[in-house]
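K.L.:
Shown below is the structure under consideration.
The values are calculated or read from the model by the stated rules, or taken from the named source; none is laboratory data. Predicted, not measured: the structure shown is a model, and the values here were computed from it. We place every Cβ from the backbone using ideal geometry, glycine too, and count neighbours over all the protein chains shown. Heavy atoms of the whole protein, side chains included, go into the accessibility calculation; ligands, DNA and RNA do not. Shrake-Rupley method; radii C 1.70, N 1.55, O 1.52, S 1.80 Å.
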Amino acid sequence: MSDKETSQGHGRKAGLLAGGAGLAAVGTAAGVSVARSMRRRVTVDDPYADEDFGLLDADRSYVVTTPDGVPLAVREVGPQDAPLTVVFAHGFCLRMGAFHFQRARLAEEWGPQVRMVFYDQRGHGQSAEAPPETYTVEQLGQDLETVLAVMAPRGPVALVGHSMGGMTVLSHARQYPQRYPTRIVGAALIASAAEGVSRSPLGEILKNPALEAARFAVRYAPKTVHRGRGAARSVLGPILRAASYGDEKISPSVVAFSEEMMHGTPIATLIEFLHALEVHDETGGLTTLAKVPTLIACGDRDLLTPMEYSQEMAAALPKSELVIVGGAGHLVQLERPEVIDDALVRLVQRATPSKLVAMTRRLRERVQKHG
């Protein structure tokens, strides 16, 4: 082996060792305290003890393949000829099931007037993993365009994005402005941000050079990283879990469901998209979204995308409704689903005023039926 090859080998080995040691350092600094905080927040009472969180699994399923060959898992509920299609894009380290409560209630609320489409982002859920260099917010916007082209080639569409999914919507708006408002008639950004999350507590963690070393390991020694995935999750998992909820009373079943989604995320997806969240800038998408009615929603205890991010986006969108949910954290659509559901109903009413009378009548009938 040449001196140059030996030097490269030592450099790569050093990078891998730095990644492992650095992640451990991050865990010492943050993991223990947030894990304790999370344990305090789980309530003994569990209103969702009998909830079937696999509801989406029974919906019509499809596979949409992106131009670069990544199969995306898609689910659909509602008539295929419905007057409006609502497409949901989930957040970081989650999957389409993160919209469980929206799927459960809104399918009944909207009935045949709305078709709902859910999909797993690349590297998440049942969608395939992809080359690490494609784990960018810009690519996610292109993936959304592919899903729309296959699943909703005609008719009006509303987009709903949570966290990284909201960034996906913004990315799509920036790259495909011609779709607004001719095809895309409304959008919701839930617990999201238009640019890098450096100002949040997560941003402080992302500045740790250990994460860059971990990205090095993901790209150049993926087998080594997969063997150490448990250690990485023990570091980052508690941080994500503690930031997920804000209220002191949280259903243990909901917590277990969200943790299961996080644990199921491949380590390469986690590390690469962490970097994407840090450096993304989709503020250009706000100019496009200003053309359509929008919903901006977040919890006031969100540590990953604090409410200041939502307030800034709402200020740039004259047709927006801003909903701040008191006591809620980052997974506000799971923690306080009724507030988010009501806000999405209002968004659709604003985006499709011709359907307002029919939806109002349906809502009254539902209230009368359930007393």
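K.L.:
Summing Lys, Arg as +1 and Asp, Glu as -1, what charge do residues with Cβ under 10 Å from the Cβ of Val70 carry, Val70 excluded?
P.N.:
-2
K.L.:
Carbon-plus-sulfur fraction of the accessible area of region 60-120, 1.4 Å probe, in percent?
P.N.:
Of the solvent-accessible surface of region 60-120, carbon and sulfur hold 53 percent.
K.L.:
What do you reckon, how do Glu129, Glu51, Glu282 stack up by accessible area (1.4 Å probe), largest on top? The partial results should precede the final answer.
P.N.:
Numbers: Glu129 100, Glu51 65, Glu282 10 Å².
Output order, biggest surface exposure first: Glu129, Glu51, Glu282.
K.L.:
Using the basic label-point model (7 angstrom from Cα toward the beta carbon), what is the Ser61 to Thr182 distance in nanometres?
P.N.:
With each label point 7 Å from Cα toward Cβ, the separation is 3.6 nm.
K.L.:
Can you work out ³J(HN,Hα) from phi for every residue in region 262-271, in order, using Karplus 6.51 cos²θ - 1.76 cosθ + 1.60 and θ = phi - 60°, giving whole Hz and x for Gly and Pro?
P.N.:
5, 5, x, 7, x, 5, 5, 4, 4, 5
K.L.:
Can you give the log10 of the normalised intensity I(q)/I(0) at q = 0.11 Å⁻¹, computed with Debye over equal Cα scatterers of region 105-192?
P.N.:
The calculated log intensity ratios at q = 0.11 Å⁻¹ are -0.31.
K.L.:
Using r as the Cβ-Cβ distance of Val150 and Asp52, and R0 as 25 Å, what FRET efficiency do you calculate, to the nearest 0.05?
P.N.:
0.35
K.L.:
Let me ask something else about it. Can you list the residues of region 135-158 with backbone N under 20 Å from a point 7 Å past the Cα of Asp281, pointing along Cα to Cβ?
P.N.:
Answer for this model: 135-142.
K.L.:
Which order, highest average first, do 272-279, 325-332 follow once you tally other Cβ atoms within 10 Å for each residue and take the mean per peptide?
P.N.:
325-332, 272-279
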